[in-house]
Amino acid sequence: MSVGFVMLAHDALDRAAQVARVISKAGCPLVIHVDARVGKEFDAFEKKVAVLQGVTLAPRLACEWGTWALVQASRDGAEVLLRSHPELGHICLISGACLPIKPLGELVAYLERHRNTDFIESVTIEDVPWTKGGLSEERFTLSFPFPWREKRRLFDLWVETQRLVRRKRRLPEGLSPHMGSQWWCLTRATLEGILTDARREELDRYFQLVWIPDESYFQSLVRLYGTRVESRSLTLSKFDFQGKPHVFYDDHLPLLRQSSAFFARKIWPGANRLYRAFLDRKSVTAPVARISPAQIDRMFIQAISRRTRGRAGMVMASRFPRTDCESALTAAPYAVFHGFDEIFRDFPGWMRTNSGSRVHGRLFDLDRARFCGGQTGYAGAMSDSAALRDYDPQQFLRNLIWGTRGEHQSFLFSASDAQDICGFLAADRNADISVVTGAWALPLLRSGKPVAGIRAEAARLQQSEADFVDILRERQTRARVRIWSLAEFLERPLDPLQEIVDSLSGADTHLLVRMPEFKSMEGLPGFLQSLRNAGMSPHMAGEINEEIMERELGLFAKVAR
Amino acid sequence: MGALSAYGLRIERRRCQIRAIRKRRELTRIVNRTEGISESDVLAFVTIRNELRRLPFFLEYYRQLGVRHFFFVDNGSTDGGPEMLADEDDVSLWSTSNSYRRSRFGTDWLNWLKLRYGVGHWTLTLDPDEFLIYPFCDSRPLLALCDWLDQSGARSLGTMLIDMYPRGPLEEVEYQTGQDPFELAQWFDSGNYMISKNPRYGNLWIQGGPRARVYFPTEPEKAPSLNKIPLVKWDRRYVHVSSTHMLLPRGLNLVYDEAGGEKMSGCLLHAKFLDTLVDKAAEEIERREHFAGGREYDAYHAARSEPDGLWCQWSERYIDWRQLELLGLMSKGNWA
């Protein structure tokens, strides 16, 4: 018992010849089919393989991608082998871009142990995840007389027409459509069954008009004639999201060494190291521990996900999502505190201690970006220049969050800061925004300036703050938002703080023992009243209850002083 | 995009082509070895002016990646660079004494050479201080990348220019002929870039990096563009519009994914910030042949007093392409 090979070669014939030599040396018969579309390269190839023992060249057909000619070429090849080599137990279909990644002797021994097993990936349509373009079942129920690559428009038009008239081709009786990788290894019995089928002409007529018959002809018929079908290919081959095969290069050597497959496809023709390592007997090293196919799969799945989903919250020369295509605008959750630094002394320091977040100052201050610790720059060599930041505030924030992945970031925000970022904050799922409205009154109060002089400024700040709150309250806001008026906040300051700390630390077990220190708020009710008297209504601050103010502030003012 | 603006771009593309064909008269052939080029060769197109010190490493770097033929246009070098190039077997050389600026910074000259010799090839259009980094460039040659791009139906590769700089003033480094410039200029800014989309040409406009941070902190709109599309499978209809920042037809600029995924992209390491810049800046400020009147050289002069040069404590030291990939400055896309 032994194994014979049918090889379909399309290009890089030098490499195909190299593999042919190795197969011939191992004493296995080989039929090579070279695509009739190959031009002058063929003559040199013919000379090279003519001297090889047991290698024959099949009559050449033009093999356009996904057409019946591929099935015919492989079937004819198998027929020749079975007829001229009665000792063969298995026939293996490979391509010119396949590389044997184990000594052929191992394959022969393996097949010897599995005499009656057909190795062919064969899956029903419902279970196939890799079909694209809506053509799964329709591969078998519509007809496809036009090549997809060459006559795309005609192909699409014909498909649409058939859909319109609800065409449904009748399947040959007893046939249940299966699909799978086109690289198989079948037993003599199975192949003879397929080749001598009484209904061969009918089946041929049917499969000639199926789409990509090389992925379904043998895969379906094996279910009729195979005794033991093991639904997996002995050839390692992976496809990406566009349905084109992944290519193996020199740096895949360790991976291929550890694969449990016997062949790998497809190999880049320039991968000298791979061809040397696997075809040059001398350099074969000791076998290594096998890794599971799942581990190899994972690598390719990651590549596909990088291409289709990418890394959220990062933009670059080859990733620039439209706003509606990105659910999170930044790479990680972060928090925004609006107004808190006017109420408390060293709020960032207190917050850092209690939540573990890296708390920056006012990143959007009009003078400069105030990074934590008064630094003049930050991760990723970000600049504190206000002009640079305001040139593209969204990218400024995105850069900060991307550049500090792994550490939670927070920053202070205020009505007197640059406001262009507001819409972005509201739209970002990663933003956690806490707002105390009306806190803008506190620095004005503490400035000690006469009300007449600051009235206009107060009105401007309040308007700016009201605009921000409006944006936050819009229905399409995706940020997590908490808003208190100054009056509400001062009545029970501990509860909001506890809520914020809980949500940042993700647990509700950390009971706050120490409040941050209050800044002085003496005369706040009176100040607000004088604003009212001057004709401006500080409604964002809420109704400050003087009694509670006295009690609360009295309590904390002691500490503050 | 409306039919009118599409038509406008078509006119512009034709105009660029006509310019390129007209400007061919400015080029004098010194050596032409193009008959040795074979079908699948990757070609490089470069304009130089007094770059002798840089050339040996430049040639070595790209030969090693697999560039098979170099096209140089010399714009009035006086340092013996052209003579050295004329002796290299894989170089074809032209020279011109015409204005660099009026050739739109060499774009017209190189457009002509690509039209004449580059059609059907993967072409790299480079400055002599730009070094291409792409995913797996340490194990897969340029030809593997080009084959993969062909197979994926891509006609161009997007990159970002990364300014590399030494620590300390530029005057203090001493770049030796043939040396790897990144042994000296090994620092870069890893995450302060700004990106927007150019609605007219469809390309991304990237700014930022050390030049924005140090030279233009108050006038960011003047910071130089860092988006580059140097690798293109050339066709007779194609033109670079301004340097390698963008091309026409517009589709060649769509090297990025807008649905959230990442296409494959690379980086161009920029070895500009060496002692070679010191003399060059002095010369260029006089010559005014560079983009926007060489305002960058002015800014460079103004900022040279910084003791650390472009370096700051958040600068990142360059290791390899995997580092750039992790930092989000380039992407493997679905190349595994």
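The values are calculated or read from the model by the stated rules, or taken from the named source; none is laboratory data. Here the structure is a predicted model, which means the values were calculated and not measured. Ideal geometry is used to build each Cβ from the backbone, glycine not excepted, and the neighbour counts take in all protein chains shown. Keep in mind that these areas ignore ligands, DNA and RNA; they rest on the heavy atoms of the full protein, side chains included. Shrake-Rupley method; radii C 1.70, N 1.55, O 1.52, S 1.80 Å.
With all protein chains in place and ligands, DNA and RNA left out, the 1.4 Å accessible area ranks A:Ile401, B:Ile21 as B:Ile21, A:Ile401, largest first. The mean sequence distance of close C-alpha pairs (under 8 Å, at least 6 residues apart), as a share of the length of segment A:2-308, puts its relative contact order at 21 percent. Think of segment A:332-560 as a dipole: +1 on every Lys or Arg Cβ, -1 on every Asp or Glu Cβ, centred on the Cα centre; then among A:Gly423, A:Gly506, A:Gly377, A:Gly377 lies furthest on the positive end. So what is the diffusion coefficient of segment A:332-560 in µm² per second by Stokes-Einstein at 4 °C and 1.567 mPa s, using a Kirkwood Rh over Cα pairs? Answer from the Stokes-Einstein relation: 71 µm²/s. For chain A, the longest principal axis of the C-alpha atoms and the axis of helix A:293-308 are separated by about 60°. For the protein assembly as shown, a simple Cβ point-charge model (Lys and Arg +1, Asp and Glu -1, everything else neutral) yields a dipole of about 2740 debye relative to the Cα centre. For chain B, the mean residue ellipticity at 222 nm estimated from helices alone is -7000 deg cm²/dmol, where every DSSP H run of n ≥ 4 contributes -39500 (n - 2.57) and the total is divided by all residues, rounded to the nearest 500.
Note on exposure: B:Ser97, A:Ser231, B:Ser156 ranked by accessible area (1.4 Å probe, complete protein assembly) read B:Ser97, A:Ser231, B:Ser156, with the most exposed listed first. Straight-line cross-link reach from A:Lys244 at under 24 Å between alpha-carbon atoms covers these lysines, not counting any fewer than eight positions away in the same chain: A:Lys132, A:Lys151, A:Lys266, B:Lys233, B:Lys263, B:Lys332. The alpha carbon gyration tensor of segment B:16-326 gives principal lengths a ≥ b ≥ c with a/c below 1.5, which makes the shape rounded. Relative contact order of segment B:16-326, taken over Cα pairs closer than 8 Å and 6 or more residues apart, is 23 percent. Contact order for segment A:332-560, expressed relative to its length and based on alpha carbon pairs under 8 Å spaced 6+ residues apart, stands at 26 percent. Peptide B:251-264 has a mean of 6 when you count, residue by residue, the C-beta atoms of other protein chains within 10 Å of its C-beta.
Rounded, prolate or oblate: which fits segment A:36-132 when a ≥ b ≥ c are the square roots of the eigenvalues of the alpha-carbon gyration tensor, with rounded for a/c under 1.5 and prolate only if a/b beats b/c? Cα axes put segment A:36-132 in the oblate bin.
Kyte-Doolittle cut-off -1.0, length cut-off 18 Å along the helix's own axis using Cα: show which whole DSSP H helices in chain B pass. Once both thresholds are applied, what remains is B:3-23. Of all DSSP beta bridges located in the protein assembly as shown, what percent are antiparallel, nearest 5? If we restrict to bridges inside the protein assembly as shown, about 40 percent are antiparallel. Pairing chain A with chain B buries about 4200 Å² of accessible area. This figure sums both sides and uses a 1.4 Å probe.
Between rounded, prolate and oblate, where does segment B:1-155 land on the alpha carbon gyration tensor, with a ≥ b ≥ c its root eigenvalues, rounded for a/c under 1.5, else prolate if a/b exceeds b/c? Note, shape of segment B:1-155 comes out oblate.
In this Cβ point-charge picture (+1 for Lys and Arg, -1 for Asp and Glu), segment A:332-560 has a dipole of about 380 debye about its Cα centre.
Helix A:494-505 and the long axis of chain A differ in direction by around 20°, with both axes built from C-alpha atoms.
Our helix-only sum for chain A, with -39,500 (n - 2.57) per DSSP H run of n ≥ 4 divided by its residues, gives a mean residue ellipticity at 222 nm of -12000 deg cm²/dmol. Remark: mean inter-chain Cβ contacts per residue of B:219-228 equal 2, using a 10 Å Cβ-Cβ cutoff to other protein chain atoms. For segment A:66-206, the residue among A:Leu191, A:Val165, A:Leu107 whose Cα projects farthest onto the positive side of the dipole built from Cβ charges is A:Val165. When the Cα positions of B:Ala3, B:Trp122, B:Ser225 are compared along the charge dipole of chain B, B:Ala3 comes out farthest toward the positive end, with charges on each C-beta of Lys, Arg, Asp and Glu. Take B:Val239: with every protein chain present and a 1.4 Å probe, its accessible area is about 0 Å².
Our note on the geometry: Cα centres of segment A:302-331 and segment B:115-169, 23 Å apart.
To the nearest ten degrees, helix A:104-113 and the longest principal axis of the Cα atoms of chain A are 80 degrees apart. Normalise the Debye intensity by I(0) for segment A:175-302, one equal point scatterer per Cα, no solvent, then take log10 at q = 0.12, 0.16 Å⁻¹ and round to two decimals. For segment A:175-302 at q = 0.12, 0.16 Å⁻¹, log10 I(q)/I(0) is -0.61, -0.92.
When DSSP assigns beta bridges and you keep just the ones with both residues in segment A:332-560, what percent turn out antiparallel, to the nearest 5?
Percent antiparallel among DSSP bridges in segment A:332-560 is about 15.
This model, with +1 at the C-beta of Lys and Arg and -1 at the C-beta of Asp and Glu, gives segment B:1-120 a dipole about its Cα centre of some 980 debye. Per-residue shielding of B:321-333, expressed as the average number of other chain Cβ atoms within 10 Å of the residue Cβ, stands at 4.
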